[in-house]
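Read the structure below first, then the notes.
The values are calculated or read from the model by the stated rules, or taken from the named source; none is laboratory data. The structure displayed is predicted, hence computed values, not measured ones. Cβ sites come from the backbone with ideal geometry, for glycine too, and all protein chains shown count toward neighbours. Ligands, DNA and RNA are excluded from the accessible area calculation, which covers all protein heavy atoms including side chains. Shrake-Rupley method; radii C 1.70, N 1.55, O 1.52, S 1.80 Å.
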4 protein chains.
Amino acid sequence: MNIGLIGAGRIGRIHGEILTKHVTGAKITVVAEVYANGETIAWANGLGIGKVVKDYHEVLADPAVDAVFICSSTDTHTQIIMEAARAGKQIFCEKPISYDIDKIVEALRVVKECGVKLQIGFNRRFDHNFGKIRAMVQDGKVGDVQVVKITSRDPAPPPIPYIKVSGGIFLDMMIHDFDMARFLSGSEVAEVYAQGAVLVDPAIGEAGDVDTAIVSLKFANGALGVIDNSRQAVYGHDQRVEVFGSKGCLAARNDTDTSVDYYTPDCMVSGNPIRPFRVRYELAYATEVQAFVDAVNGGKPTAVGGWDGLQPILIGLAATQSLKEGKPVAVRRLDRI
Amino acid sequence: MNIGLIGAGRIGRIHGEILTKHVTGAKITVVAEVYANGETIAWANGLGIGKVVKDYHEVLADPAVDAVFICSSTDTHTQIIMEAARAGKQIFCEKPISYDIDKIVEALRVVKECGVKLQIGFNRRFDHNFGKIRAMVQDGKVGDVQVVKITSRDPAPPPIPYIKVSGGIFLDMMIHDFDMARFLSGSEVAEVYAQGAVLVDPAIGEAGDVDTAIVSLKFANGALGVIDNSRQAVYGHDQRVEVFGSKGCLAARNDTDTSVDYYTPDCMVSGNPIRPFRVRYELAYATEVQAFVDAVNGGKPTAVGGWDGLQPILIGLAATQSLKEGKPVAVRRLDRI
Amino acid sequence: MNIGLIGAGRIGRIHGEILTKHVTGAKITVVAEVYANGETIAWANGLGIGKVVKDYHEVLADPAVDAVFICSSTDTHTQIIMEAARAGKQIFCEKPISYDIDKIVEALRVVKECGVKLQIGFNRRFDHNFGKIRAMVQDGKVGDVQVVKITSRDPAPPPIPYIKVSGGIFLDMMIHDFDMARFLSGSEVAEVYAQGAVLVDPAIGEAGDVDTAIVSLKFANGALGVIDNSRQAVYGHDQRVEVFGSKGCLAARNDTDTSVDYYTPDCMVSGNPIRPFRVRYELAYATEVQAFVDAVNGGKPTAVGGWDGLQPILIGLAATQSLKEGKPVAVRRLDRI
Amino acid sequence: MNIGLIGAGRIGRIHGEILTKHVTGAKITVVAEVYANGETIAWANGLGIGKVVKDYHEVLADPAVDAVFICSSTDTHTQIIMEAARAGKQIFCEKPISYDIDKIVEALRVVKECGVKLQIGFNRRFDHNFGKIRAMVQDGKVGDVQVVKITSRDPAPPPIPYIKVSGGIFLDMMIHDFDMARFLSGSEVAEVYAQGAVLVDPAIGEAGDVDTAIVSLKFANGALGVIDNSRQAVYGHDQRVEVFGSKGCLAARNDTDTSVDYYTPDCMVSGNPIRPFRVRYELAYATEVQAFVDAVNGGKPTAVGGWDGLQPILIGLAATQSLKEGKPVAVRRLDRI
């Protein structure tokens, strides 16, 4: 299976390195990067990838390419998805697909018509902790799910210019947690109520966003949920989930950088949550990409399809509206594509 | 310091036993219990208390009694508070003072006029874990408080007849957590949004209450918060709090019944959260009562005064209204008494 | 059941207070303390004990006394045990019974002849953690016991004058752990090899003792074990045990003073092991004394009899010899009394 | 830096894969494997290594090869080290160098004369937990080291034929822990006393070895230590260390396969220690090999030299003798090479 990597920015390079070092059954044969320069070529060559182009259409036109990884900017996703589908390529697309529901729906219809596979990059579904909880929930270990709680805090906020074009905290950051809420509960989200505040950096507020948010959820199956986000946890990447049900409770603590305890006269000191998201989710990325490769090679459905990519956008838009209007908002329901 | 114990039901007996066994500087000289019988007398005698009466007025009329513990039913609290204050007794009153704001306000005014002390029985403030977090927050250890999270789940729901007269989950159960939210954040709660569901027992719904609830909070100082309650955590008494701020995060895990880990081929097995609330909060009760005795004997203000007893009721009423109306509700503000 | 308390020093007062506050079915009616003064009388009166004498023979001669707690100095234990047994009193005796094997054997024979009960004060057997491990081991949870590991470190060394008359670290401090080794493994100790060093305070070495020690054990059933002691763990009372077997492993962590975690930019900070032994073992003392009272009142054997009191002395003497001679030493075996 | 890999068995393949995927600044250009077949070639090609030979002399004769990884059977190590050194190659050699002290000494002398670098494969020194403890000990965090405790238990015993040629548990398995004892304490081991038992599998005893062992250590600097090994911990790879000192204590818990806690009515269930040693120590292997590459490329001493490779053998031989003779044995001291 030959892969064309479209976009060699931060996330594109993660996938490029993961594919080269940790994934079997696939290799990257070409990289398309609109801003490609000597440094891009050096990076690609370092991974044993000989071909770097600027125009992704060269990738789509290459008959030797079986699949594409779309890691370009969000506004280009749906266009490339449709072109790739029409070119018969299998598709891995980074999240979010788009912020425009109509464009997403159109893209998913084209994917369906063309009969290609599509996997959306919700990598946390492949995390060892969260994946285990999902499996145990599905195995009935907590009985009926009653409450889902998700804490997700980044070590530090992104640059203000990024904040301005990010779509806001609900579509940029909490979107992962909306996906996780569906993944863990096994139910759609029916309604949200969002609280937000600017507590980390006033510049984030000036950019029109909040940096701290709590969203209450009502699930279609009657369960309740809550997600809290912060753009800055000074102690590292705080990533915890909890599923409480009639038979018990499953909770993921943070992974820590070491298992060392230090006993002093005053206190006991331990390792922090792992800070860099790249390190924290290295294994999850590898598992995610391997899952895509295996699904394509094995002719099976992908683990996170286009429909799963669409729902968190719908929830994020409802949360954005809820924060603006100061009241609960129902999540828009669409016919299944 | 001689104490008259008014009410010898479950909570009255806890205080009676705590006072006798764990508290210095005070002793119970008389018990008033409207349903007193031979068993009541035997219980009192077992603690070395010689006098048991049915009418609490006898206690108030006894010049040897310095202070009263009001542990009678909630609807009698404000009346007894006012009478005790006018009789010059120092007062410890179980929570909630009342569900009627006007009556609370009147009682607090009488207490103020009479110049007696009043402490409300929010025992969790005296818990070793929560007290430590409060102290560390006040010491600036988390910097500016940004998010307060409280999980509070009981091992099993109370009987349905109790549910019917309980005032609802927000006034009966979450009231402790509303107090805790104020205690930990150091700020008043300005607005709440309540979600509720009947997921544990349909009979609770038929009794007009919910058994699972999530309440989002906005604090007066701009911080956000969330509390989740369940009437039934099959694994024990789940009592966790978390205060997240600009400099770090403080979190209390559950206390467990043992510190034993059991490594098996399949998993590692540890002790559960301590189940009986009496055992979980034994030390907190003792600390609470000692604090009252010390405040009275030392002529200092009590740690949890009438104003602190009033606020959680106001929050609980707002949450009750929010759940009914399906929208956020501002907490009523009163002039400080 | 009326109890005469013989000895009102540190451990005597612990038992006096535990008996009064936490134990049902027994009460102290008289205290004998050779150095009794006004302060002793005030302490006794504070617990509601009206009678304080200097000569313990008055206690033994009192027909209203059913049982005695022998908390006097170690060198008086066997003499008082024999006199009490002959006076028909039930006996609780603090550890160690004596350092003189012949005297212990004689005392146990007298106890047996007189048909009274004898319980030795190995309070740690009644600790919630260690008791749970013992129960699980006996229930087969670890399969065949292969390795027993015990860590026991005190927060600070006792005064040097105490060290000089203590009998040495193996008979004064590790004796608890020798008892624990038998208790957890369910097997006798056959052979020991002791290492010792003076690493905490040179004055301990000058007093003829070591302050740090590791003893390897061979059990009669073929299992292996190791105990390490230190007179000073600056971070508190370090008390851990581990039983490793063919089906799994049971390990007791330290109990901590709180369950609070503090996440900072540098590390995660938690509570220390509980420091004062009185607080750490409060519940164990209460359980221990209640067990004695229940055994006497119920006419059942005590949980820790004279034979169990004798064995740790034999092991301690072997360890002392091993350290002196620098080689493994077999533990002396006696015919069961 | 071009590397020749000598030996492509289990450990050779680990190093081959680590070098290819995780290490920068070096690449394998040739593999020598005496039993090389088509499968060996396929494995090598899969890593992009084009050349596979049977005779390691071809590797040593190749002027393009800068360094060798000696992963052949233990009995060939010293011979290959000497030949490689004389050929001017930098050397990474798996542990143990040899069981023959004279041969080790000779090899180390040749390495010294030839001026090449030698690193011994004690990979656990590069573990994130143990490395952190070592750094903190050296930074004075525990003050004076008083006690070192190491627990090391394998998930399952190796095959009996392997046991027979392994050199015994002290030279095959505990050798890692002897190295760790030196690494953590910063002191040489002066004397050992070994206990051993056959508790896991009688066939191990019939093969002349023990499967369970406890070794007490005396360090040259006066500290004490203890190591316990078992060939079978049914719950996974149990790898813990503890350094106790005058200012505090450092302890490494096991790394677990997940951070998920499962609360049930009966107990709290968590993840086990990571079972496969390859997974547990993946990061340590990568760090180890990178350290070698960096040392060679940077012209600096290796982190674990020949002297460090020799000492654990001397300790292991002393432990073997101690077990045989049933008494403490001093570790042989040699002049520093």
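Listing for the model above:
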{"quantity": "Å³ per residue enclosed by the Cα convex hull of region D:241-300", "calculated": "142"}
{"quantity": "Per principal axis, descending, Cα span of region A:160-214 in whole Å", "calculated": "37, 19, 15"}
{"quantity": "Percentage of interatomic Cα-Cα distances in region D:46-143 larger than 22 Å", "calculated": "42"}
{"quantity": "Among the listed pairs C:Lys95/D:Lys324; B:Lys54/B:Lys103; B:Lys149/B:Lys327, those beyond 27 Å (Cα-Cα)", "calculated": "C:Lys95/D:Lys324"}
{"quantity": "Of all DSSP beta bridges in the protein assembly as shown, antiparallel share, percent nearest 5", "calculated": "60"}
{"quantity": "Rounded to the nearest 20 debye, dipole of region C:146-202 from Cβ charges on Lys, Arg, Asp, Glu", "calculated": "80"}
{"quantity": "Among the listed pairs D:Lys21/D:Lys117; C:Lys21/C:Lys89; D:Lys132/D:Lys164, those beyond 30 Å (Cα-Cα)", "calculated": "D:Lys132/D:Lys164"}
{"quantity": "Crossing angle, helix B:10-22 versus chain B [Cα axis fit, 0-90 degrees, rounded to tens]", "calculated": "80"}
{"quantity": "Equivalent ellipsoid dimensions for chain B as semi-axes, Å, which come from the Cα gyration tensor, largest first", "calculated": "32, 24, 21"}
{"quantity": "Region C:225-337 shape via C-alpha gyration tensor axes, a/c threshold 1.5", "calculated": "oblate"}
{"quantity": "For region B:51-72 and region C:290-337, distance of Cα centres in Å", "calculated": "54"}
{"quantity": "Estimated buried accessible area (total), pair C and B, 1.4 Å, Å² to nearest 100", "calculated": "2200"}
{"quantity": "Residue among A:Ser322, A:Ser270, A:Ser73 with the largest mean-square fluctuation in a Gaussian network model of chain A, springs linking Cα atoms under 10 Å", "calculated": "A:Ser270"}
{"quantity": "Helix axis angle, B:306-325 relative to chain B longest principal axis, alpha carbon, degrees", "calculated": "50"}
{"quantity": "D (Stokes-Einstein, µm²/s), Kirkwood Cα radius, region A:48-100, 1.002 mPa s at 20 °C", "calculated": "185"}
{"quantity": "Among D:Gly208, D:Ala8, D:Gly305 the positive-end extreme of the charge dipole of chain D (Cβ point charges)", "calculated": "D:Gly305"}
{"quantity": "Label point at A:Asp100 placed 7 Å out along Cα→Cβ; residues across region A:160-179 whose backbone nitrogen lies under 19 Å", "calculated": "A:165-168, A:171-172"}
{"quantity": "Of C:Val147, C:Val296, C:Val234, the one that fluctuates the most in a GNM where chain C has Cα springs shorter than 10 Å", "calculated": "C:Val234"}
{"quantity": "Antiparallel content of DSSP bridges confined to chain D, in %, to 5", "calculated": "55"}
{"quantity": "Column: log10 I(q)/I(0), Debye, Cα scatterers of the protein assembly as shown, q = 0.04, 0.06 Å⁻¹", "calculated": "-0.29, -0.65"}
{"quantity": "Rounded if a/c under 1.5, otherwise prolate or oblate - region D:87-214, Cα gyration tensor axes", "calculated": "oblate"}
{"quantity": "Residues whose placed amide H lies under 5 Å from that of D:Val331, excluding near-sequence neighbours", "calculated": "D:Glu191, D:Val192"}
{"quantity": "Potential lengthening between C:Glu188 and C:His57 on full extension [0.36 nm per residue; Cα-Cα distance subtracted]", "calculated": "43.5 nm"}
{"quantity": "Cα gyration tensor shape for region A:89-148, rounded if a/c is under 1.5, else prolate or oblate", "calculated": "prolate"}
{"quantity": "Alpha-carbon spread of region C:183-283, three principal axes, descending order, Å", "calculated": "49, 46, 31"}
{"quantity": "Aspartates and glutamates whose Cα lies under 12 Å from that of B:Lys27, excluding same-chain neighbours fewer than 8 positions away", "calculated": "B:Glu17, B:Asp66"}
{"quantity": "Complex-versus-alone comparison for region B:125-157, residues with a loss of 20 Å² or more in accessible area, probe 1.4 Å", "calculated": "B:His128, B:Asn129, B:Lys132, B:Met136, B:Lys141, B:Gln146, B:Val147, B:Lys149, B:Arg153"}
{"quantity": "Estimated 222 nm signal from helices in the protein assembly as shown, with DSSP H stretches of n ≥ 4 weighted -39500 (n - 2.57), rounded to 500", "calculated": "-11500 deg cm²/dmol"}
{"quantity": "Top of C:Ile41, C:Ile97, C:Ile315 by mean-square fluctuation, Gaussian network on chain C, Cα under 10 Å", "calculated": "C:Ile41"}
{"quantity": "Portion, in percent, of the accessible area of the protein assembly as shown that falls on carbon or sulfur, probe 1.4 Å", "calculated": "51"}
{"quantity": "Inter-centroid distance (Cα atoms) of region B:111-130 relative to region A:229-287, Å", "calculated": "37"}
{"quantity": "Point-charge dipole on Cβ atoms (K/R +1, D/E -1) for the protein assembly as shown, about Cα centre, debye to 20", "calculated": "0"}
{"quantity": "Percent antiparallel among DSSP beta bridges (both partners in region A:1-156, rounded to 5)", "calculated": "0"}
{"quantity": "Diffusion constant of region B:1-71 at 37 °C, which comes from Stokes-Einstein with the Kirkwood Cα-pair radius and 0.692 mPa s, µm²/s", "calculated": "282"}
{"quantity": "Helix D:128-138 axis, angle to chain D major axis (alpha carbon atoms, nearest 10°)", "calculated": "70"}
